[in-house]
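Contents: one structure, followed by commentary.
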Amino acid sequence: MSDLAERFKAIEDDWKEAVATLEAILTHVAATNLAAGLKIVILNNVIVALVSATEEALRELFQEYLKIIEATVENHQHLRLDIQRANLECGIQQLREYKTGTDLAKAAAVIRELSKCFNGEPGYRLFKEELTYNTQTLQANA
């Protein structure tokens, strides 16, 4: 198996383990004579846990994808335009958060990273965490 496939497989395996645990809960509930109200509560919680596990797995897959393209695409300007724009939006969002005097060094670091992106310099950094969690930016670029 290639290194890339292994990186994604680890995330998939974690998700499968979470699903197997939820299946075990469902099997236990089916085999147990629980009150109807308790069964509903447990089943609702299983549904929420399944959605959460799936969302987290997708988030982790996307972050891994971003790490891979960051490592393999040397020039930020060669990335898909929607990723470039979303990355820019994430940088701008971070700058909005860094308004106090103590945050100016953080703002300068963000500006340096954005400069690398704009100038096509090697060693650019995607705002992976922000890209993954920033639904507003991703929706605006979808």
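Derivation of every value follows stated rules applied to the coordinates shown; laboratory data play no part. In this text, all values refer to a predicted model and were calculated from it rather than measured experimentally. Every residue, glycine as well, gets a Cβ built from its backbone with ideal geometry; the counts of neighbours run over all protein chains shown.
Compared with the direct C-alpha span, the chain from ARG80 to PHE62 gains 5.0 nm at full extension, assuming 0.36 nm per residue.
Can you tell me the relative contact order of the range 52-142? Whole percent, Cα pairs under 8 Å, sequence separation 6 or more. Walk me through the intermediate numbers first.
Details: 68 pairs, mean separation 36.8, N = 91.
The value is 40 percent.
With the helix formula -39500 (n - 2.57) applied to DSSP H stretches of n ≥ 4, the chain reaches a computed 222 nm mean residue ellipticity of -26500 deg cm²/dmol.
So if the hydrodynamic radius of the range 72-111 is defined as the Kirkwood radius over C-alpha pairs, what does Stokes-Einstein give as its diffusion coefficient at 37 °C and 0.692 mPa s, in µm² per second? Walk me through the numbers before you get to the answer.
Details: Rh = 11.2 Å.
Calculated translational D: 293 µm²/s.
Using r as the Cβ-Cβ distance of LYS99 and ARG125, and R0 as 22 Å, what FRET efficiency do you calculate, to the nearest 0.05?
Numbers: r = 22 Å, r/R0 = 0.99.
Using R0 = 22 Å, I get an efficiency of 0.50.
What pairs from LYS67/LYS106; LYS39/LYS128; LYS16/LYS67 go past 32 Å between their alpha carbons? Table pairs above 32 Å Cα-Cα are LYS39/LYS128. Just so you know, the Rg over Rh for the range 75-142 is 0.97, from Cα atoms, with Rh as the Kirkwood radius.
Return the label of the correct value of Cα Rg over 2.2 N^0.38 Å, as calculated from the structure shown, out of (i) 1.43; (ii) 1.16; (iii) 0.99. Of the labelled values, this structure produces (i). Annotation: peptides 110-120, 7-17, ranked by per-residue average of other Cβ atoms within 10 Å with the highest first, follow the order 110-120, 7-17.
What you get for the range 7-142, charging only the Cβ of Lys and Arg (+1) and of Asp and Glu (-1), is a dipole of about 260 debye around the Cα centre. Separation of the range 14-65 from the range 85-137 is 35 Å, based on Cα centroids. Our analysis of the range 1-72 gives Rg over Rh at 1.18, with the two radii drawn from alpha carbon positions and Rh computed by the Kirkwood formula.
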